[in-house]
Amino acid sequence: MSTLEVRDVWHRYPGADTPALRGASVAVADGEMVSVVGPSGSGKSTLLRVAAGLLRSTSGEVLVDGRDVADQPTERRDLTVMFQHPLLFEHLDVAGNVAFAPRLAGARRREARRCAQRYLRLVHLEGMGSRDVTSLSGGQQQRVALARALAAERGALLLDEPFSSLDRELRASMHDLLVEVRAALAPTILMVTHDLDEAALAESTVVLIDGSVHQHASMVEIYRRPATVAVARLLGGFTEIAGTVRDGMHHSAWGRLPVADGGAEDGAAVLLVRRESLRLAATDSGRAGLGARVVRRRPTGTRVVVTLAGDDDSTVEVELPVGHDVRPGTRVRVVPTDTRAPQWAVQHKDSPGNADALPPGFHVSPHEARLPMEETRS
Amino acid sequence: MTSRRVSGAAPGIVAITVVAGTGMAAVVATSVGLMPLYGEPAPSLDGWRSAAPDLVAGIGESLLIAVPATVLAALVGFLLATLMLGGGRAASVVRLACLAVLAVPHLVGATSVSLLLGDGGAAARLAAPAGVDDWPALVGGPWPVATVLELAWKESAFVALVVLAAVAPGHRMRMQVAAGLGARPVQRVLRVLLPTAAPAVGAASLVTLVYAIGSYEVAWLLGRAVPEPLPVLAFRLFGSIELTDRPAAAAAAVTGSVLALCIAVPALATLPRLRALSTGGAP
């Protein structure tokens with residue numbers, strides 16, 4: 001297997017006002033798996049297509065084993081791609097599909113089919129080699145597609161939302177299969193997905209928003225300490241509290257709350273509090289918190305999500321155990337579960353696409369350059 | 001086939017069966033003397049006997065035109081479809097050209113080809129300054145070159161558009177997957193596009209072949225006088241001032257139809273398996 005690195009890649013689609021990628025960089029070590037998440041239109045698939053050579057970037061480098069392959073066509077990049085849909089070759093049977101790459105590489109028919117059987121065993125489809133691919137279920141087709149990609153035995157595997165067309169149960173079984181395949185072959189994988197659970201299968205995750213990398217860390221770290229408000233919004237479940245950090249404390253309409261190390265420096269900052277870390281208190285409790293009115297409650301199985309309108313016009317969501325009886329219209333005080341525990345705060349971040357950083361051929365309107373990337377809701 | 005599909009297709013099937021069936025029944029009856037233009041109907045094979053030498057020669061001439069024209073149309077049509085699948089400006093130009101070619105009637109096409117390739121035609125005049133004084137007899141000569149070229153020219157556009165319609169959905173992604181698996185451009189065409197397009201190429205070629213066997217106007221205008229392909233023979237004998245030629249004309253028409261059926265029926269049985277036949281289980 002190989003290393004894969006996409007370095008400072010910019011891309012603008014013809015006729016588009018803004019770049020789809022703004023200096024995005026991702027590095028995948030040999031045998032490592034990195035996932036890329038982001039909202040729709042964030043440039044995830046564009047990044048993968050640039051890495052695969054299916055799209056020519058405006059600028060930037062794509063390195064496979066340290067060798068720049070940006071000018072090479074896909075077939076010479078030592079990478080293989082697996083898409084959301086299996087796209088099996090219908091003129092070939094199951095084993096014929098898996099044997100496709102070995103045959104291209106010059107293997108004899110019998111040898112290629114033997115190789116195909118090996119990979120079919122790996123994806124638990126042994127004995128199905130002679131089946132017509134159109135007779136397979138969606139999950140089986142995707143397993144064949146995975147076996148076909150692995151049988152190519154190329155340096156790195158690029159997965160473009162590979163399991164998103166499958167239902168939840170099949171997706172879970174494909175996740176298990178991916179773990180097995182990684183244990184057996186340790187392929188280098190770059191996977192684009194919008195499923196955060198799927199992203200967590202990787203050693204690390206890149207959060208791509210508006211074409212630029214906002215964070216590259218493990219999913220645990222990203223959930224614990226989102227680098228930007230935009231990342232927090234992508235993950236969901238955070239309440240944003242606008243205010244100012246001074247001497248390790250966040251000052252806002254909620255009062256003074258301690259700030260965890262490593263986040264915001266002194267100055268304007270947004271405190272990010274997970275909604276399960278908030279609770280409701282009586283208005284006369286005298287605790288640090290936000291005066292608010294209950295707008296609605298939404299059961300989510302074992303929990304209830306309560307939406308509140310703050311006195312400062314902000315909207316706050318609090319997650320409570322089911323059975324918590326709070327009626328719309330009730331006035332309460334929203335407080336962190338533990339007001340002494342440090343909370344995670346981040347500074348506002350200017351758009352990474354500021355005019356000074358743009359490569360030749362790019363232009364960003366003054367409005368866009370001025371506009372902060374994240375805006376607080378308050 | 002479900003009953004709903006049968007009932008949906010019924011009007012078309014009935015119309016085709018009635019028109020083709022009635023026509024075939026009438027022409028067969030005429031060929032064996034049961035529908036004479038004058039006189040009493042009497043079973044007779046005189047029409048078949050009188051036309052027999054011409055029918056045998058006509059079968060050969062018809063195949064001499066139809067087979068190379070179909071092969072050429074299939075090859076050129078597939079190449080044009082490949083060009084159109086490539087996208088870009090060239091694809092748009094080729095697509096427009098194909099549509100324009102389809103809109104031109106065969107008779108107009110044949111006239112144009114005669115003006116282009118005939119003795120004293122545009123090609124001969126252009127070649128003369130280059131020292132080509134003895135222009136080959138492409139029109140009306142011993143080999144049906146102009147006839148084949150005209151049919152191939154027009155039918156290649158038909159084949160191209162049929163193949164395009166059949167292959168275009170998902171084509172780009174299939175090619176990207178193949179490229180990701182290491183297939184070079186030529187390998188992508190030979191190992192993915194060609195087998196994927198084979199059923200469409202086969203079906204369009206079959207239509208072209210049957211059409212070329214049954215069409216008279218191009219060979220009538222561009223072909224040699226003797227021997228005549230079956231449709232030209234049938235056309236001439238039907239138009240003959242000798243009314244007793246009608247059974248022979250009908251015999252030529254029946255022979256042409258049987259020839260087409262002899263090719264179409266086994267081909268239709270083979271077409272669904274064409275993809276498997278083209279590549280087998282492994283590429």
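Read the figures in this text as sums done on the coordinates, not as results from a lab. Remember, it's a predicted structure, so these values are computed and weren't measured experimentally. For neighbour counting, all protein chains shown are included, and Cβ atoms are generated from backbone atoms with ideal geometry for every residue, glycine included.
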Point to revise | Placed amide H near A:Gly23: partners under 5 Å, 5+ positions off or other chain | key: A:Val9, A:Trp10, A:His11
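Within 10 Å of each candidate Cβ there may be at most 13 other Cβ atoms; applying that plus a DSSP loop requirement, which trypsin sites (Lys or Arg not before Pro) in segment A:71-127 survive?
Details: sites: A:Arg76, A:Arg77, A:Arg103, A:Arg108, A:Arg109, A:Arg110, A:Arg113, A:Arg114, A:Arg118, A:Arg121; in loops: A:Arg77, A:Arg108.
Answer in residue order: A:Arg108.
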Review point. Using Cα atoms only, what is the angle between the long axis of helix A:168-185 and the major principal axis of chain A, expressed in degrees (0 to 90) to the nearest 10?
Key: 60 degrees
Practice item. Give the calculated FRET efficiency between A:Arg298 and A:Asp132 to the nearest 0.05, with a Förster radius of 45 Å applied to their Cβ-Cβ distance. Key: 0.45
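Counting Lys +1, Arg +1, Asp -1, Glu -1, what net charge surrounds A:Leu21 among other residues with beta carbon under 13 Å of its beta carbon?
On the way: positive: A:Arg7, A:Arg12, A:Arg22, A:Lys44, A:Arg49, A:Arg56; negative: A:Asp8, A:Glu61, A:Asp210.
With Lys, Arg at +1 and Asp, Glu at -1, the net is +3.
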**Study point:** Bridge type composition, the protein assembly as shown - antiparallel percent by DSSP, nearest 5
**Key:** 75 percent
Point to revise | Amide H contacts under 5 Å for A:Trp344, placed H, 5+ residues apart | key: A:Ala260, A:Leu272
Check your understanding: Taking Cα atoms, how many degrees apart are the long axis of helix B:145-167 and the longest axis of chain B, rounded to 10 and kept between 0 and 90?
Key -> 50 degrees
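Would you mind ranking A:Thr46, A:Thr244, A:Thr80, B:Thr17 so that the residue whose beta carbon has the fewest other beta carbons within 10 Å leads the list?
Numbers: A:Thr46 24, A:Thr244 14, A:Thr80 27, B:Thr17 10.
Least crowded to most crowded, the residues run B:Thr17, A:Thr244, A:Thr46, A:Thr80.
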Review point. Under the Karplus relation 6.51 cos²θ - 1.76 cosθ + 1.60, θ = phi - 60°, what is the ordered set of whole-Hz ³J(HN,Hα) values for segment A:204-212, x standing for Gly and Pro?
Key: 9, 10, 9, 9, 10, 9, 6, x, 10
Check your understanding: So who's got an amide H within less than 5 Å of the one on A:Arg279, skipping anything under 5 residues away but keeping other chains? H placed 1.01 Å off N, in plane.
Key -> A:Val335, A:Thr337
**Study point:** chain A: relative contact order as a whole-number percent, Cα under 8 Å and 6+ apart
**Key:** 16 percent
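Which whole-number percentage describes the relative contact order of chain B, with Cα contacts under 8 Å and a sequence gap of 6 or more?
Numbers: 344 pairs, mean separation 81.1, N = 283.
Normalised by residue count, the contact order of chain B is 29 percent.
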Review point. For A:Glu276 and A:Ala172 in one chain, what is 0.36 nm times their gap in residues minus the Cα-Cα distance, to one decimal in nm?
Key: 34.9 nm
Practice item. Measure nothing fancy, just the Cα-based angle from helix B:88-103's long axis to the longest principal axis of chain B, in degrees from 0 to 90, nearest 10. Key: 10 degrees
Check your understanding: Where the centroid of each part is defined by its Cα atoms, how far is segment A:138-214 from segment A:276-318 in Å?
Key -> 38 Å
